[in-house]
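The values are calculated or read from the model by the stated rules, or taken from the named source; none is laboratory data. Just so you know, these numbers come straight off a predicted model, no measurement behind them. Don't worry about glycine lacking a Cβ; one is built from the backbone with ideal geometry, like all the others, and counts go over all protein chains shown. The accessibility values were calculated without ligands, DNA or RNA, using every heavy atom of the protein model including side chains. Shrake-Rupley method; radii C 1.70, N 1.55, O 1.52, S 1.80 Å.
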Amino acid sequence: MRPMEVGVFLCSTAIEDPFESATKLHEIGINNTQIGPLPPGFYTDENAAKLKAHLADLGIPPTTLFVGFPGESYANMAAVKATVGLLIPETIAERKAILRRAIDFTAKLGAPRVALHIGFVPADSSDPAYAKLIDDIREIADACSAAGLGLSLETGQETGEEMRHFLETVDRPNIGINFDPANMILYGKDKPIEALETLRRYVVSVHCKDGIWPTREGELGSETPLGQGQVDIPAFVAKLKEIGYAGPLTIEREAGDDRIGDILRGKDLLERLRG
Ligand code: MG
């Protein structure tokens, strides 16, 4: 795969079946993908072998498996806080068990890393939940390492500085970030290009997504097609070049009525900017 090849997050097709979704990507000329999120029941050896063979037939290497959990909601800030990631005590054991299965599945699928939203990292590092989260992420990173995989954390539910401090504290060689510039804006947390500078040494993959800042307290901002939001996509791609990023440019489009059209226009834009 060439540096900065345009890829697509599989769920962006709005087709739930991962086999059909991958076929759709092939039909529109996409040649790499991030997989997921898939229902936990999908993580079987049989499905890993079948999906691996299907992607190989299509010539679409999987670059990451994104793990989600039952019961997660991204409806608004309060819903994200209450349901997403690894900070909800009563769900942690179940979610770690799902992650262990996802790690095994990812290794068998032949993707190089597992990614997830861990939830809102507490801004105060003396919060006991912070130390617990560090322990949990170390455990997951080490399980990934034992399976020959990297672990990447989705950005945007904290500032770039907060995420950098968190990663330095976790201190594991196989941990990085999936940098999503729009999330910084959608969650009202940080300026994406500056945050990319702050986190540059940790960037292992990116989501190409755009959006506008929240206008009401407690609500998320709105996702837009690439180039129509407030990320400044030309500056984002220029900054990725500056930091020497050579991985795929993975389009994530989870809103709108014409997602395939938005993906194709986004691909054109990214390829022009990439040069
Ligand atoms: Mg994302």
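Given 141, 115, 123, which one is touching a residue at least 60 places away in the same chain (Cβ under 8 Å) and either among the small types (Gly, Ala, Ser) or assigned to a helix (DSSP H, G or I) (or both)?
Details: 141 fails: touching a residue at least 60 places away in the same chain (Cβ under 8 Å); 123 fails: touching a residue at least 60 places away in the same chain (Cβ under 8 Å).
When all the criteria are applied, what remains is 115.
Residues in segment 240-265 that are within 16 Å of the ligand (Cβ to nearest atom), of a type outside the set (Ser, Thr, Tyr) and in contact (Cβ under 8 Å) with a residue 60 or more places away in the chain: 240, 247, 248, 249, 251, 252, 253, 254, 259, 263.
Name every residue in segment 223-275 that is surrounded by fewer than 19 Cβ atoms within 10 Å (Cβ to Cβ) and under 17 Å from the mean Cα position of the chain (by Cα), in order of residue number. Within segment 223-275, 246, 254, 255 qualify. For residue 49, the conditions (1) out of contact with any strand residue (DSSP E or B) (no Cβ under 9 Å at 6 or more places or on another chain); (2) in a helix (DSSP H, G or I); (3) buried (at least 17 other Cβ atoms within 10 Å of the Cβ) are fulfilled apart from (3).
Would you be able to say whether some residue in segment 207-215 is over 25 Å from residue 103 (Cβ atoms) and surrounded by fewer than 16 Cβ atoms within 10 Å (Cβ to Cβ)? Yes - at least one qualifying residue is present in segment 207-215. Every condition in (1) surrounded by 14 or more Cβ atoms within 10 Å (Cβ to Cβ); (2) farther than 24 Å from residue 13 by Cα holds for residue 97 except the one numbered (1).
Looking at 160, 176, 119, 156, just one residue is within 16 Å of the ligand (Cβ to nearest atom), closer than 20 Å to residue 243 by Cα and modelled with pLDDT under 95, and that residue is 156.
Within segment 155-170, work out how many residues are touching a residue at least 12 places away in the same chain (Cβ under 8 Å) and either open to solvent by 10 Å² or more (accessible area, probe 1.4 Å) or assigned to a loop (DSSP other than H, G, I, E, B) (or both).
Number of matching residues: 10.
Whether any residue in segment 18-38 is open to solvent by 50 Å² or more (accessible area, probe 1.4 Å), modelled with pLDDT under 95, away from the ligand (no atom under 16 Å from the Cβ) and not basic (Lys, Arg) is what I want to check. Checked against the condition, which is being open to solvent by 50 Å² or more (accessible area, probe 1.4 Å), modelled with pLDDT under 95, away from the ligand (no atom under 16 Å from the Cβ) and not basic (Lys, Arg), segment 18-38 yields no hits at all. I'd like to check something: does segment 60-78 contain any residue that is outside any loop (DSSP other than H, G, I, E, B) and free of Cβ contacts under 8 Å to residues at least 12 places away in the same chain? No, segment 60-78 contains no residue that is outside any loop (DSSP other than H, G, I, E, B) and free of Cβ contacts under 8 Å to residues at least 12 places away in the same chain.
For segment 118-131, name all the residues that are under 22 Å from the mean Cα position of the chain (by Cα) and open to solvent by 60 Å² or more (accessible area, probe 1.4 Å).
Quick first cut of segment 118-131, residues under 22 Å from the mean Cα position of the chain (by Cα) only: 118-123, 130.
Selection gives 123 alone.
In segment 192-220, the residues that are in a loop (DSSP other than H, G, I, E, B) form Cβ pairs under 6 Å with partners that are open to solvent by 10 Å² or more (accessible area, probe 1.4 Å) and among the acidic types (Asp, Glu), at six or more places apart or across chains, as follows: 209/252.
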